[in-house]
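Below is one structure, written out as structure tokens; comments come after it.
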Amino acid sequence: MSGHRISPPRIDARASRAPRPPADLPGSTNAYRQTGFLLAEEADLVVDGLNLEGEQASAAAGAKFRTRAVAAVYGPWSRGWLARLQALHALEWGDYSSAIVLARAAADFAAAAAALAGSGLEEWSAWLDGGGIGDAHDQHAARFDLHPFRSAETLARLPELGAVYREASDLALPHFGATALVTASESNAERVLATFGDRDFHLGLAELVFGWLLRLGLIHWEAVGSSPALPPAPEGAAGWRARAERVLARRDRCRIERVDVDGIERPLIVNWRREPRAAPRRVLL
């Protein structure tokens, strides 16, 4: 049986917008300016949501909440929180490829946190009590047994989380079409227009990833933040949810829908465009 005690956590739960990029990164400086002009509401909403989660995490640091349930949830919650913050910063600098990968990782961590807020706690306790953290005396090393843990059941139980994970995965993995869409989005049936290190502003990509980040914030309050093991949601969380839902409900945003093509369900990106003046396109994946 493990003798681990739950010690007071160290908390650094402050989120903020990205700093201005260096002037010698012209793509990033343009993306930073355009994001601030066209998507400031979305960027500020992401930061506000992360700071509300930070308030809840800080409140859970008190002795009353020093329990295994909170300690288990802190880990993936913290990793997903940071992944969303860095995805925001990547968006502000026009690094959409990294933002997509970070959003996918954040969805994975959200699923783990939701599982650990429920029945998954038993598996975590069994890992800890079985010596999951200890010493490797023969190697003169500390030991952290990996114990692979991914919650496909949670992704199925929370359809909105599963949808975010599926959408982000389609674009995060090195599929030929996804890679072409992210790095050669101006290509068509006649030509391939490849880029390298492209960090120019792209409204469609930015709106897609901002949508995932806002949806993951909503999922937190549904699946993790509402856990009886944690303090109540801070004041302002309900108002934030209403604001996020209002932004996500706009039909002019770039988003992914599912369509049937010859009996196979496929993703269809709607309102795809690099800049606001461009005509919206539809892209079938």
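Every read-out reported here was derived from the displayed coordinates using simple, explicitly stated rules and does not represent laboratory data. Just so we're clear, the structure is a prediction, and the values are computed from it rather than from any experiment. Cβ placement follows ideal geometry from the backbone for every residue including glycine, while neighbour counts extend to all protein chains displayed.
Residues in segment 26-51 that are surrounded by fewer than 17 Cβ atoms within 10 Å (Cβ to Cβ) and either small (Gly, Ala, Ser) or farther than 19 Å from Arg215 by Cα (or both) were compared, and the one that is nearest to the chain's Cα centre (by Cα) is Ala40.
Return yes or no: is Phe201 exposed (fewer than 11 other Cβ atoms within 10 Å of the Cβ) and within 21 Å of Leu102 (Cα to Cα)?
Numbers: exposed (fewer than 11 other Cβ atoms within 10 Å of the Cβ): no; within 21 Å of Leu102 (Cα to Cα): yes.
So Phe201 does not fit the description; no.
Apart from one condition, Val192 fits all of (1) part of a loop (DSSP other than H, G, I, E, B); (2) under 20 Å from the mean Cα position of the chain (by Cα); the exception is (2).
Any residue at all in segment 23-44 that is in a loop (DSSP other than H, G, I, E, B), over 30 Å from Thr154 (Cβ atoms) and touching a helix residue (DSSP H, G or I) at 6+ places or on another chain (Cβ under 8 Å)? Give the derivation first.
First, pick out the residues of segment 23-44 that are in a loop (DSSP other than H, G, I, E, B): 23-25, 39.
Subsequent filtering for residues that are over 30 Å from Thr154 (Cβ atoms) retains 23-25.
Retained after the next criterion (residues that are touching a helix residue (DSSP H, G or I) at 6+ places or on another chain (Cβ under 8 Å)): 23.
Scanning segment 23-44, I find at least one residue that is in a loop (DSSP other than H, G, I, E, B), over 30 Å from Thr154 (Cβ atoms) and touching a helix residue (DSSP H, G or I) at 6+ places or on another chain (Cβ under 8 Å), so the answer is yes.
Filtered by the rule that a residue be of a type outside the set (A, V, I, L, M, F, W, C) and surrounded by 16 or more Cβ atoms within 10 Å (Cβ to Cβ), segment 178-198 gives Thr183, Ser185, Asp198.
In segment 119-135, how many are assigned to a strand (DSSP E or B) and without any contact (Cβ under 8 Å) to a residue 60 or more places away in the chain?
Going residue by residue through segment 119-135, those that are assigned to a strand (DSSP E or B) are 133-135.
If we keep only those that are without any contact (Cβ under 8 Å) to a residue 60 or more places away in the chain too, we end up with 134-135.
Going through segment 119-135 one residue at a time, the tally reaches 2.
Exactly one residue out of Phe210, Phe149 is in a loop (DSSP other than H, G, I, E, B) and among the aromatic types (Phe, Trp, Tyr), and it is Phe149.
Just to be sure before I move on: is Gly54 part of a helix (DSSP H, G or I), surrounded by fewer than 21 Cβ atoms within 10 Å (Cβ to Cβ), among the small types (Gly, Ala, Ser) and more than 20 Å from the chain's Cα centre (by Cα) in the structure I sent? Spell out the reasoning first.
Working: part of a helix (DSSP H, G or I): yes; surrounded by fewer than 21 Cβ atoms within 10 Å (Cβ to Cβ): yes; among the small types (Gly, Ala, Ser): yes; more than 20 Å from the chain's Cα centre (by Cα): no.
Here the answer is no, as Gly54 does not meet what is asked.
Restricting attention to segment 152-178, the residues being over 22 Å from Arg84 (Cβ atoms) and part of a loop (DSSP other than H, G, I, E, B) number 2. The one condition from (1) within 30 Å of Ala178 (Cβ to Cβ); (2) touching a Phe, Trp or Tyr at 6+ places or on another chain (Cβ under 6 Å); (3) not aliphatic (A, V, I, L, M) that Arg150 does not meet is (2).
Here segment 57-74 is the region considered, the condition is being of a type outside the set (A, V, I, L, M) and in a loop (DSSP other than H, G, I, E, B), and the residue that is surrounded by the fewest Cβ atoms within 10 Å (Cβ to Cβ) is Gly62.
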